[in-house]
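What follows is one structure encoded as structure tokens, with my remarks underneath.
Where a number appears in this text, it was derived from the coordinates with a stated rule and is not lab data. A quick note: this is a predicted structure, and the numbers were derived from the prediction, not measured. Quick reminder, even Gly has a Cβ in these numbers, built from the backbone with ideal geometry, and neighbours come from all protein chains shown.
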């Protein structure tokens, strides 16, 4: 079994603010906990281009905060950790841009059809970052 699995995005909807895409054939995303066990994931994530697979990005969960760190203030710190499919393979998305913040809605079971509905990614068309702007 490969350590990675490739997925394609399928446009669901697009308006002035959001673009929503289905991740074809991915019914659930997982992260690995401190015991290295898979746990279901939904929430803030990012896409980071992969050198080894041109045209693909790793799908990662993200943690971000403003904090005094290596750079002068204001600064912003983002941590990435890969997301996995149910087989423990890292998820690669066919997408050719880094995007540090998107959101993934995990799949769910449609009890009318008894089938799993694929995960969806939501992109902010005009970005979501405003941490350097003072109110």
Most to least packed among 61-68, 96-103 [average Cβ atoms within 10 Å]: 96-103, 61-68
Mean Cβ neighbour count within 10 Å, used as a protection proxy, ranking 6-12, 73-79 highest first: 6-12, 73-79
Max mean-square fluctuation residue, GNM over the chain, Cα-Cα springs under 10 Å, options 120, 70, 16: 70
